[in-house]
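Beneath this line is the structure, given in structure tokens, with notes to follow.
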Amino acid sequence: MQTRRIPNFREDLRGISGLISDMAELLHSLGIEWHILIAQIINFAILLAVLAKFVYKPVLQMIDERREGTLRAIEREEHASTKLARAETDREAIIAEAHQESARVIEASRQTGEDLKKRLTADAKAEIAKSQASAEKKLKEDKVRLFGEVKAEIGTLVVTTIEQTLGDVLDPRTQGKMVEQALAAIRESNG
């Protein structure tokens, strides 16, 4: 049977204290004082804790924010590039459509101009024909009116001439008959 060893704390403490005194001598021989070293370790730990809390976390947070901002900027740039490409395609399509529409408008304007030219020409010809017909009608009316006036004037001249030449020779009744015969002859010759 094996005997169990019961821990002896006093011996362990003596061993630890011997170890500590050996360490103290070693540190002293190196020119390091252990209580100052412990104070510096504690100061360093406090400094690390303060830096971690007040500097390291905000710096990491700032770096993360910048990274996210950069990623968002890249996404916006990609989105803008996509929109720009789409806008360029749309612009080209709109320009092509505008060219087609302008060609249609030009053709329609040309056709409308041709139609207007034909209509104005026809209207002008009709107006000329109407003016010509009106002028011919007025000319005929003037001719008839002048012919009537000339006839009346000739009749008056004939009557006056007959009366003057035959007035002393013939009686009024015979003069009237002769005047009527002369007027009838003039009417027949004119028409």
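Before moving on, here are some points about what is shown:
- Choice from Leu60, Leu27, Leu120 showing the highest fluctuation, given a GNM over the chain with Cα pairs closer than 10 Å: Leu27
- Debye intensity ratio I(q)/I(0), log10, the chain, q values 0.12, 0.19 Å⁻¹ (C-alpha model): -1.00, -1.26
- Of all the options Leu84, Leu26, Leu51, the one that moves most in a Gaussian network model of the chain with Cα springs shorter than 10 angstrom is Leu26.
- Helix 57-166 vs. the chain, principal-axis angle (Cα, 0 to 90°, nearest 10): 0
- Rounded FRET efficiency, nearest 0.05, which uses the C-beta distance separating Leu120 from Lys143 and R0 of 35 Å: 0.55
- The length gained by stretching the chain between His79 and Arg110 to full extension, at 0.36 nm per residue less their Cα-Cα distance, is 6.6 nm.
None of the figures in this text is laboratory data; all of them are computed from the coordinates on show. On a predicted model such as this, the values are computed, not experimentally measured, just so you know. We place every Cβ from the backbone using ideal geometry, glycine too, and count neighbours over all the protein chains shown.
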